[in-house]
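Since the structure comes first, as structure tokens, the remarks are kept for the end.
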Amino acid sequence: SNHSICYIGRFDEHAGLDIAISSLKLIKEKISNIEMVVVGGGDLVIEKYKKIAEKKGVLEHIKFCGFVPKTEDAINILAKSGLGLALYKPVKDNESLYTEPSKVKEYFKAGLPVIMAKGGPDICDDIVKYKAGVVVDYNKEDIAKNIINILTNQQLYQELQKGVLEISKIFDYRENFKNTWTLICQKAENS
């Protein structure tokens, strides 16, 4: 199956990229070919995160794509992964918690289940309700354990994909719904 996770969004400590890199170190002990695809960020901030990844010994497991101007191009990159990361830090001063989490919807448009930290945006409740992803504690151990479980448990993965289809209907992406369905079918064939 698809041993790849992806991240799109802002590059700051609240957006969850730091903790994702920390959890990658634990994930690669169980899934040696794990890859994390990162979309967004300018050169300077990418350099900073490359150094962080290098220090943690996971640089060769991360692919930095940089800023992708067209949303549909970004979604096509995300669609090649198995799982979207939305690990917003559950702290009071995190604006991500109060904004419309459009990134999460981009993962759904790409046909991806989402992994999200507890205490995140309201969309958390929908993710749980429709089983379109998994909500975890904001620590690298719980994040790693759940990512490993999702990527190695075919039955769970298929259930989550059904949830993504359901939630896509609810969010009324009429034009995207067919798209999401096609992406999920492709994923099923390739796994």
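The values are calculated or read from the model by the stated rules, or taken from the named source; none is laboratory data. Model, not experiment: these values are computed from the prediction. Cβ: placed from backbone, ideal geometry, glycine included. Neighbour counts: every protein chain shown. Side chains included, ligands, DNA and RNA excluded: accessible areas come from the protein's heavy atoms. Shrake-Rupley method; radii C 1.70, N 1.55, O 1.52, S 1.80 Å.
Laid out as a table, the results:
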| item | result |
| --- | --- |
| Segment 58-93: chymotrypsin sites (Phe, Trp or Tyr not before Pro) falling in loop per DSSP and having at most 13 other Cβ within 10 Å | 67 |
| Residues residue 91 and residue 170, FRET efficiency given R0 of 30 Å [Cβ-Cβ distance, rounded to 0.05] | 0.60 |
| Pairwise label distance in nanometres, residue 29 with residue 43, each label 7 Å out on the Cα-Cβ vector | 3.8 |
| Distance-filtered residues of segment 65-82 - backbone nitrogen under 15 Å, label point 7 angstrom along residue 186 Cα→Cβ | 72-82 |
| Simple Cβ-charge dipole of the chain, Lys/Arg +1 and Asp/Glu -1, about Cα centre, in debye nearest 20 | 340 |
| Prolate/oblate/rounded label for segment 108-191 (Cα gyration tensor, a/c 1.5) | oblate |
| Max mean-square fluctuation residue, GNM over the chain, Cα-Cα springs under 10 Å, options 23, 81, 32 | 32 |
| Gained length - residue 152 relative to residue 60, 0.36 nm times residue gap less alpha-carbon distance | 31.0 nm |
| Nitroxide proxy distance, nm - points 7 Å out along Cα→Cβ at residue 68 and residue 10 | 2.1 |
| Axial C-alpha extent at least 30 Å, average Kyte-Doolittle at least -0.5 - helices from the chain (DSSP) | none |
| Within the accessible area of segment 1-52 (1.4 Å probe), percent carbon and sulfur | 52 |
| Relative contact order, percent, the chain [alpha-carbon distance under 8 Å, six or more residues apart] | 23 |
| Listed residue (2, 114, 16) projecting farthest to the positive dipole end of the chain, Cβ model | 2 |
| Residue-averaged 222 nm ellipticity for the chain, from DSSP H runs of 4+ at -39500 (n - 2.57), nearest 500 | -16000 deg cm²/dmol |
| Candidates 84, 41, 57: whichever shows maximal mean-square fluctuation once the chain is modelled as a Gaussian network with Cα springs under 10 Å | 57 |
| Leading residue at positive end of dipole, segment 31-97 (Cβ point charges), from 37, 66, 52 | 52 |
| Where only C-alpha atoms are counted, convex hull volume of the chain per residue in Å³ | 104 |
| Exposure of residue 126 as accessible area (Å², to 10), given a probe of 1.4 Å and all protein chains | 50 |
| Accessible area per residue, Å², segment 104-191 with all protein chains present, probe 1.4 Å | 49 |
| Antiparallel content of DSSP bridges confined to the chain, in %, to 5 | 0 |
| Choice from 113, 69, 121 showing the highest fluctuation, given a GNM over the chain with Cα pairs closer than 10 Å | 69 |
